[in-house]
Every structure is written in C-alpha cells, then in structure tokens.
Amino acid sequence: MLTAITRRVSPAIARCELSFIDRKAIDLSRARQQHQAYETLLGKLGARVISLPPEPELPDSMFVEDPAIVLDEIAVILPMGTESRRGEAASLGKELSKYRKLAHVSLPGMLEGGDVLRIGRKLFVGLTKRSNAEGIRQFADIVEPHGHEVISVAVSGCLHLKSAVTCIAENALLANRAWFDTAPFTGCDWIDVDPSEPHAANALALGG
C-alpha cells in the first residue's frame, strides 16, 4: 500500500522562506483547512496517510519532500540550502527510519527534495540556489550503487526543478520548459503548461 507522510501546517508559516514570489499575508486557518483537504484526497486515492504533528518553530516544515528523498532501497536525508530549514530533517528522519535504511548527504553539500525528479531509474536533479554540485555528487555516490542514474539539470526560472516539471506518466512530462534546461530529458514527451498558469507543472501524479 502506498504510504504518504505529511506534516501539519506550522503556526509560524507566516515566516516561511520566499525566493521567487512576493510575500503576502497567509491565512493560517485557511492553510490548515487546505492541508487537511489534501490529506483527505490522498486517502481517497488509496494512500495510507501518516500525518506528523506541526513544528512550531519551523515555518516551512509542512513541505516534507525537501528534507529527504525516499527510494525503494533507501531514504536519503538532505542538508537543505536554507539554514533555517535544516532542523526539519531530524523528526522526519526518525519517522522514515521505520520504513527505510537511512543515508545522509553532508555539508558543504546542499540538496532539497524539490529538486529531485524521478523517471524510472533516472533521477534528474536541479542545480539551483538550494541544491549545489557537491550535494548532487554526494547524492549520486549514495544512490548509484542501487542502480539509479543521477543527471544534473540547470534551473533558472524557479525555486526547484519540480516547480517546473512533473512526470505524469512513463516519459510524459508536464512542464514549463522556459525555466530549466530540457536537453537532459531525451526521449520524453512534453505537455506544456498554459502561459497563463506558469506554475501549473508543480503537480503530483497519483492513483492513475
């Protein structure tokens, strides 16, 4: 059964990190309602949802994909590119250790899960302000012995690689191709987002 680990919205979310969008007021009550609806939908789509408690001092901690990458063979704990977020890894790693053996990328390497796109046994990793070449090198050293190929991708127009592209079916990519280097994605079919919705490729394919 598919397991989805989530984390409830932090009461400190108004202090979240921002890079590519302007800061606006966040309605905490609405954010919590939306997150609850997201968890409910995951359950309806067949996932067993494990909802971790909120982290009061970690504003971005609801974004659980960033501190770790979970593969069939191993979970890799990551030192994120923003120092204020690095405390998120401890409790998430404790939960993941129930299901996978853990490995760690170490500073000065930096890597965030939002930069890692899996297509079969290929792991495309965005080179961004949050994920550096040393982080990608260490990550490759960990996962390539398990049969995964790591491919670096230059990203220029958004925070993370997966802000710009999502694999929605075998070799089918929903993407905003203006935001990253498409050359590494040989043999893929492209579905381009509408220009009026440039962030629409930041999606989750599940249950299809």
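The values are calculated or read from the model by the stated rules, or taken from the named source; none is laboratory data. All figures in this text were calculated on a predicted structure; none of them were measured in a lab. Glycine also receives a Cβ, built like all others from the backbone with ideal geometry; neighbour counts cover every protein chain displayed.
Identify the residue in the range 183-199 that is surrounded by 12 or more Cβ atoms within 10 Å (Cβ to Cβ) and over 19 Å from the mean Cα position of the chain (by Cα) and, among all such residues, is farthest from residue 166 (Cα to Cα).
As a first pass, look at the range 183-199 and keep what is surrounded by 12 or more Cβ atoms within 10 Å (Cβ to Cβ): 184-185, 188, 190-193, 198-199.
With over 19 Å from the mean Cα position of the chain (by Cα) added as a condition, the list becomes 184, 188, 190-193.
Values: 184: 15, 188: 12, 190: 10, 191: 10, 192: 11, 193: 11 Å.
Selected residue: 184.
Would you mind finding the one in 14, 37 that is at pLDDT 95 or above, on the phi < 0 side of the Ramachandran plot and part of a helix (DSSP H, G or I)?
Numbers: 14 fails: at pLDDT 95 or above.
Only one candidate passes the filter, namely 37.
Just to verify a result, which residue in the range 127-145, among those that are of a type in the set (D, E, K, R) and in contact (Cβ under 8 Å) with a residue 40 or more places away in the chain, is surrounded by the fewest Cβ atoms within 10 Å (Cβ to Cβ)? Can you show your working first?
Taking the range 127-145 and keeping what is of a type in the set (D, E, K, R), we get 129-130, 134, 137, 141, 144.
Now restrict to residues that are in contact (Cβ under 8 Å) with a residue 40 or more places away in the chain: 129-130.
Working: 129: 15, 130: 24.
Per the stated criteria, the residue is 129.
If you go through the range 127-151 one residue at a time, how many are touching a Gly at 6+ places or on another chain (Cβ under 8 Å) and part of a strand (DSSP E or B)?
Summing the residues that are touching a Gly at 6+ places or on another chain (Cβ under 8 Å) and part of a strand (DSSP E or B) in the range 127-151 gives 0.
Identify, please: which residue in the range 101-126 is closer than 24 Å to residue 61 by Cα, over 16 Å from the mean Cα position of the chain (by Cα) and among the small types (Gly, Ala, Ser) and is, among those, surrounded by the fewest Cβ atoms within 10 Å (Cβ to Cβ)?
Among residues in the range 101-126 that are closer than 24 Å to residue 61 by Cα, over 16 Å from the mean Cα position of the chain (by Cα) and among the small types (Gly, Ala, Ser), the one surrounded by the fewest Cβ atoms within 10 Å (Cβ to Cβ) is 106.
Looking only at the range 155-171, count how many residues are in a strand (DSSP E or B) and more than 23 Å from residue 205 (Cα to Cα). Steps first, please.
Applying the first criterion (in a strand (DSSP E or B)) to the range 155-171 yields 155, 165-169.
If we keep only those that are more than 23 Å from residue 205 (Cα to Cα) too, we end up with none.
Number of matching residues: 0.
Considering 5, 50, 26, which residue is in contact with a helix residue (DSSP H, G or I) (Cβ under 8 Å, 6 or more places away or on another chain) and in a loop (DSSP other than H, G, I, E, B)? Please lay out each step first, then the result.
Values: 5 fails: in a loop (DSSP other than H, G, I, E, B); 50 fails: in a loop (DSSP other than H, G, I, E, B).
Checking each option against the conditions leaves just 26.
What pairs come out if I take residues in the range 1-16 that are within 18 Å of residue 40 (Cα to Cα) and pair them with residues that are β-branched (Val, Ile, Thr) and in a loop (DSSP other than H, G, I, E, B) whose C-beta lies under 7 Å away, six or more apart or interchain?
5/64; 6/64; 7/64
Would you please name the residue that is farthest from the chain's Cα centre (by Cα), looking only at residues in the range 159-180 that are more than 30 Å from residue 43 (Cα to Cα) and surrounded by 15 or more Cβ atoms within 10 Å (Cβ to Cβ)? Please lay out each step first, then the result.
We begin by selecting, within the range 159-180, every residue more than 30 Å from residue 43 (Cα to Cα); these are 177-180.
Checking which are surrounded by 15 or more Cβ atoms within 10 Å (Cβ to Cβ) leaves us with 177, 179-180.
Details: 177: 18, 179: 17, 180: 16 Å.
Step by step, filter the range 159-180, then rank; the result is 177.
Kindly list, by first and then second residue, each pair from a residue in the range 104-122 that is in contact (Cβ under 8 Å) with a residue 12 or more places away in the chain to a residue that is part of a loop (DSSP other than H, G, I, E, B) and β-branched (Val, Ile, Thr), limited to pairs with Cβ atoms under 7 Å and residues at least 6 apart or on different chains.
Close Cβ pairs satisfying both conditions: 111/105; 115/128.
Which of the residues belonging to the range 36-68 are of a type in the set (Phe, Trp, Tyr) and crowded, with 16+ Cβ neighbours inside 10 Å? Talk me through it step by step, then tell me what you get.
Filtering the range 36-68 for residues of a type in the set (Phe, Trp, Tyr) gives 38, 63.
Listed by number, the list holds a single entry, 63.
Within the range 1-17, can you find the residues that are exposed (fewer than 15 other Cβ atoms within 10 Å of the Cβ), more than 18 Å from residue 31 (Cα to Cα) and aliphatic (A, V, I, L, M)?
Once the filter is applied, which keeps residues that are exposed (fewer than 15 other Cβ atoms within 10 Å of the Cβ), more than 18 Å from residue 31 (Cα to Cα) and aliphatic (A, V, I, L, M), the range 1-17 yields 1, 2.
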